[in-house]
Amino acid sequence: QVQLVESGGGLVQPGGSLRLSCAASGTNIGPDTMAWYRQAPGKQRELAASISRVGVTITLKSVKDRITISRDNAKNTVYLQMNDLKPEDTAVYSCHIEDSDYWGQGTQVSVSS
């Protein structure tokens, strides 16, 4: 059974940082493109960042200077480092194996003073 478990979300003040983790089990994510999506209240889900099996990354243009996706295949884990967080980054962040039906349950990120 494939599971993706996110962690690291929470409430942070504007300008703060968070590091999200997505730990996979039941599958080896090494060959997969992994992605973080986010969905803000009242908005459609959007791709925040993705990383291919060889480390090529794609990042949402509006957050490109503040968000970094990375992976540790030995730990079967994907990370999303978010810096200089803004209120508009408030969303549920979910981990996904691209081109599959596998999603994590999501972790809430709230940016507020």
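The values are calculated or read from the model by the stated rules, or taken from the named source; none is laboratory data. Computed from a predicted structure; not experimentally measured. When we count neighbours, we look across all protein chains shown, and the Cβ atoms used for this are built from the backbone with ideal geometry, even at glycine. Note: accessible area is taken over every heavy atom of the protein model, side chains too, but ligands, DNA and RNA are not part of it. Shrake-Rupley method; radii C 1.70, N 1.55, O 1.52, S 1.80 Å.
Counting only heavy atoms of the protein chains and using a 1.4 Å probe, Val56 has close to 90 Å² of accessible surface. Coupling constants for the stretch 90-100 follow from the phi torsions by the Karplus curve (6.51 cos²θ - 1.76 cosθ + 1.60, θ = phi - 60°), and in residue order they are 4, 5, 8, 9, 10, 8, 8, 8, 4, 6, 9 Hz; glycine and proline get x.
The residues of the stretch 25-113 expose, per residue, 55 Å² of accessible area to a 1.4 Å probe.
Largest first, the residues Thr33, Thr77 sort by 1.4 Å accessible area into Thr33, Thr77. Comparing Gly104, Tyr93, Ser62 along the charge dipole axis of the stretch 40-113, the residue lying farthest to the positive side is Ser62, per the Cβ-charge model. Residues Leu60, Leu11 ordered from highest to lowest accessible area at a 1.4 Å probe: Leu11, Leu60.
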